[in-house]
Amino acid sequence: DRFYLSIGHYAIALYSVLMEAGILPEDELETYGMDDSRMPMSGMASYTPGMEITGGSLGHGLGIAVGAALGLKRKESPAFVYNLMSDGELGEGSTWEAVMSAVQWKLDNLICLVDFNNQQADGPTRAALAQGDEEKKWAAFGWHAQRVDGNDLDAVVTAFDEARNTDHAGPRVIIFDTRMCKGVDFLESREITHFVRVEADEWSKALAKLEEGKPQ
């Protein structure tokens with residue numbers, strides 16, 4: 001399977017996975033975001049082992065994923081292609097060209113993951129171009145569409161299983177409604193969480209909150 005991170009600025013989460021997989025050394029995390037680091041703030045394929053695409057400019061990931069999925073289909077590969085994108089990318093015309101292309105080519109090996117946290121740099125996503133019921137919108141284009149609570153891991157796993165196993169003869173999308181800073185109440189409640197600034201005295205409080213909510 002392939003994983004494409006269209007939201008390049010989510011790269012630090014992918015770096016942690018690459019460390020778990022032994023592709024990146026854990027001590028290199030100390031260089032995150034520094035000049036010449038292999039772990040820039042926004043993921044770049046040219047710098048980081050295991051990073052499949054450069055996702056700094058939003059709106060390109062799904063188009064790349066469509067091309068990869070089509071190539072794998074023609075090679076008769078059983079692999080799936082996963083593309084993680086943001087709700088802000090729903091305002092990009094290139095995204096909807098890719099949505100239509102995936103249906104045209106009947107790409108049942110493509111699973112798109114949309115993080116809908118309703119936050120963009122300039123304000124709420126709903127105040128921009130993401131209006132209406134996204135699940136119905138994707139379904140109208142011909143995708144197998146689901147919408148789940150992205151902070152509920154059991155619901156996330158169930159949605160992944162359905163996306164992989166449905167007999168729908170086309171692409172699949174899962175829209176995840178998420179809340180930024182989930183589990184840390186004093187950060188969750190901030191009006192703007194797109195750029196979260198955690199003050200020095202808040203780190204220990206945030207870690208304690210996450211420890212409290214950790215499954216036993």
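Where a number appears in this text, it was derived from the coordinates with a stated rule and is not lab data. For clarity, every value in this text was computed on a predicted model and none was experimentally measured. Positions of Cβ are generated from backbone atoms using ideal geometry, with glycine treated the same way; all protein chains shown enter the neighbour counts.
Laid out as a table, the results:
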quantity	calculated
Whether the stretch 39-93 is rounded, prolate or oblate, judged on the alpha carbon gyration tensor where a/c under 1.5 counts as rounded	oblate
Helical contribution to [θ] at 222 nm, DSSP H n ≥ 4, -39,500 (n - 2.57), averaged over the chain, rounded to 500	-9500 deg cm²/dmol
Selected from ARG147, ARG38, ARG197 as most flexible by GNM, with the chain as the system and alpha-carbon contacts under 10 Å	ARG197
Cα shape, the stretch 47-145, gyration tensor, a/c 1.5 rule	oblate
Förster-model FRET efficiency, 25 Å R0, GLU30 and LYS214, C-beta, rounded to 0.05	0.55
Cα gyration tensor, the chain - rounded (a/c under 1.5), prolate or oblate	prolate
Low-density loop cleavage sites - GluC sites (Glu not before Pro) in the stretch 20-82, where at most 12 other Cβ are within 10 Å (DSSP)	GLU76
Calculated over the stretch 1-99: convex hull of Cα atoms, volume per residue (Å³)	97 Å³
C-alpha long axis of helix 11-20 to longest principal axis of the chain, angle in °	90 degrees
Among SER16, SER57, SER204: highest mean-square fluctuation, GNM of the chain, C-alpha pairs under 10 Å	SER204
